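FYI, it's all coordinate maths here, none of it is from the lab. Small disclaimer: the values here were computed from a predicted structure and weren't measured. Because the Cβ atoms are built from the backbone with ideal geometry, glycine has one as well, and the counts that use them run over all protein chains shown.
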Amino acid sequence: MPLLCLSTCPDADTAERIARVLVEERLAACVNRVPGIRSTYRWQGEVHEDTEVLLLIKTTHERFDTLRTRLIELHPYEVPELIALDIATGLPVYLDWLVKETAQP
């Protein structure tokens with residue numbers, strides 16, 4: 001089953017590096033990088049405001065556990081964001097491609 005995962009990165013270089021590794025290792029079929037988002041969050045008792053890059057990661061349930069482990073290894077944040085949402089429906093040919101591109105070789 002296809003998943004859409006969300007994760008934020010501190011800068012464009014980090015986002016590009018993580019996106020490339022996830023696709024090269026077939027943990028994601030595609031990763032979109034959305035620059036310029038503003039995040040407001042509480043961390044260690046203080047409210048922070050930062051500019052981040054949002055990753056939209058297309059993967060599958062079968063690859064999620066490995067993707068999660070790899071993202072934690074690659075990410076500079078102590079607690080990286082990783083939220084997975086089920087893709088309920090979509091263009092069938094696209095979803096078939098997503099599954100094919102994340103299949104283990």
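Against the numbered list (1) β-branched (Val, Ile, Thr); (2) over 14 Å from the mean Cα position of the chain (by Cα); (3) buried (at least 17 other Cβ atoms within 10 Å of the Cβ), Thr59 comes up short only at (2).
Does Val34 satisfy the condition of being surrounded by 13 or more Cβ atoms within 10 Å (Cβ to Cβ), in contact (Cβ under 8 Å) with a residue 24 or more places away in the chain and not charged (D, E, K, R)? Taking the combined requirement at face value, the residue does not satisfy it.
The residues of the range 79-95 that are loosely packed, with under 12 Cβ neighbours inside 10 Å and over 17 Å from the mean Cα position of the chain (by Cα), listed by number, are Ala88, Thr89, Leu91, Pro92, Val93. Remark: pairs (first residue in the range 8-25, more than 24 Å from Glu49 (Cα to Cα); second residue part of a strand (DSSP E or B) and not acidic (Asp, Glu); Cβ separation under 9 Å; 6+ apart in sequence or on different chains) = Arg20/Val31; Leu22/Val31; Leu22/Leu55; Leu22/Ile57; Leu22/Thr59; Val23/Cys30; Val23/Val31. Answer yes or no: is there a residue in the range 40-53 that is out of contact with any His (no Cβ under 6 Å at 6 or more places or on another chain), buried (at least 16 other Cβ atoms within 10 Å of the Cβ) and not small (Gly, Ala, Ser). Checking the range 40-53: at least one residue is out of contact with any His (no Cβ under 6 Å at 6 or more places or on another chain), buried (at least 16 other Cβ atoms within 10 Å of the Cβ) and not small (Gly, Ala, Ser).
Output the residue which, of all residues in the range 1-24 that are in a helix (DSSP H, G or I) and among the hydrophobic types (A, V, I, L, M, F, W, C), is farthest from Pro80 (Cα to Cα). Looking at the filtered set, the residue picked out is Val23. On the stretch given as the range 10-31, residues that are more than 18 Å from Thr59 (Cα to Cα) and either buried (at least 18 other Cβ atoms within 10 Å of the Cβ) or among the polar types (S, T, N, Q) (or both) total 1.
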